[in-house]
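Engineer: Have a look at this one before I ask anything.
The values are calculated or read from the model by the stated rules, or taken from the named source; none is laboratory data. The shown structure was predicted, so the numbers you read here are calculated from the model rather than taken from an experiment. Methodologically, a virtual Cβ is constructed for each residue, glycine included, from the backbone with ideal geometry; neighbour enumeration extends over all protein chains shown.
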Amino acid sequence: MAIFTGKYLHTIDEKNRLAIPSSIRKCMDEDTEGNGFFVTPGLDKCLALYTPLHFKAISEKYNEQASTNRKARNFQRHFFSNSKKVDCDKQGRINIHQQHIDYAGLKKDVIIVGVMDRIEIWDLQSWNEVEAGNRDNFENDAEDLFSMGPIPN
C-alpha cells in the first residue's frame, strides 16, 4: 500500500476541482491499488482520501463489526453514505463534491497532507489551528504513545 507524506498548499477552483500533487500521485501503483481515490469524511472535520485498494480493506474491516452494535451501524452509515469515488483528470485534479466541501468547511485555500495510508484535505485556517496545537503537544504525545508503561487515560 502507498505511504503518503508531506504538506502541499493548493486551492480549490471555481468548479470545485483540486489538483492532487504529482508527488502524491506517484506514490500510488495503479496496477495494484487502483486509480483515483475514495473521498470520505475524515475525523476532526477534514476529508480523507484513500486508494481503492485501501478503501476495500477498510470496508472489509468495518464489515467485521457486529451489525447489532448501534455505534458500528451509525458509523458505517455515515462513513459509507458520504464516501464518493473520484478520478483524476489529465491535469491530476479531482472534483470535490459540495457535500464534502460543506462537511470540512473548505474555502479556496486548502492544505493537502500525507498521513501514512491516507491523504487529508483541510481548510487552511482549520489546519493552521490544529497544527499549532500539534506542535505544542508533539513531544508529550510521542512520549505517551510510545512509552513502555501503561497507556495513559
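Engineer: Which members of segment 81-100 meet the condition of being of a type in the set (A, V, I, L, M, F, W, C) and at pLDDT below 95?
Structural biologist: Answer for segment 81-100, where residues must be of a type in the set (A, V, I, L, M, F, W, C) and at pLDDT below 95: just Cys88.
Engineer: Within segment 6-17, is even one residue assigned to a strand (DSSP E or B), hydroxyl-bearing (Ser, Thr, Tyr), in contact (Cβ under 8 Å) with a residue 12 or more places away in the chain and touching a helix residue (DSSP H, G or I) at 6+ places or on another chain (Cβ under 7 Å)?
Structural biologist: Among the residues of segment 6-17, not one is assigned to a strand (DSSP E or B), hydroxyl-bearing (Ser, Thr, Tyr), in contact (Cβ under 8 Å) with a residue 12 or more places away in the chain and touching a helix residue (DSSP H, G or I) at 6+ places or on another chain (Cβ under 7 Å), which makes the answer no.
Engineer: I'd like the full set of residues that are surrounded by 15 or more Cβ atoms within 10 Å (Cβ to Cβ) and either modelled with pLDDT of 95 or more or in contact with a Gly (Cβ under 9 Å, 6 or more places away or on another chain) (or both), limited to segment 116-131.
Structural biologist: Arg118, Ile119, Glu120, Ile121, Trp122, Asp123, Leu124, Ser126, Trp127
Engineer: Could I ask something else about it? Which ones in segment 24-37 are part of a helix (DSSP H, G or I) and either at pLDDT 90 or above or within 15 Å of the chain's Cα centre (by Cα) (or both)?
Structural biologist: Correct list: Ile24, Arg25.
Engineer: Take segment 66-86 and flag every residue that is touching a Phe, Trp or Tyr at 6+ places or on another chain (Cβ under 9 Å) and loosely packed, with under 11 Cβ neighbours inside 10 Å.
Structural biologist: none
Engineer: Here is a further query. Considering every residue within segment 50-65, establish whether at least one is at pLDDT below 95, surrounded by 12 or more Cβ atoms within 10 Å (Cβ to Cβ) and in a strand (DSSP E or B).
Structural biologist: no
Engineer: For segment 101-115, enumerate the residues that are farther than 14 Å from Leu43 by Cβ, out of contact with any Gly (no Cβ under 7 Å at 6 or more places or on another chain) and outside any loop (DSSP other than H, G, I, E, B).
Structural biologist: Hits for segment 101-115 are Ile101, Asp102, Asp109, Val110, Ile111, Ile112.
Engineer: Going through segment 41-89 one residue at a time, which ones are aliphatic (A, V, I, L, M) and under 16 Å from the mean Cα position of the chain (by Cα)?
Structural biologist: Leu43, Leu47, Ala48, Leu49, Leu53, Ala57, Ile58, Val86
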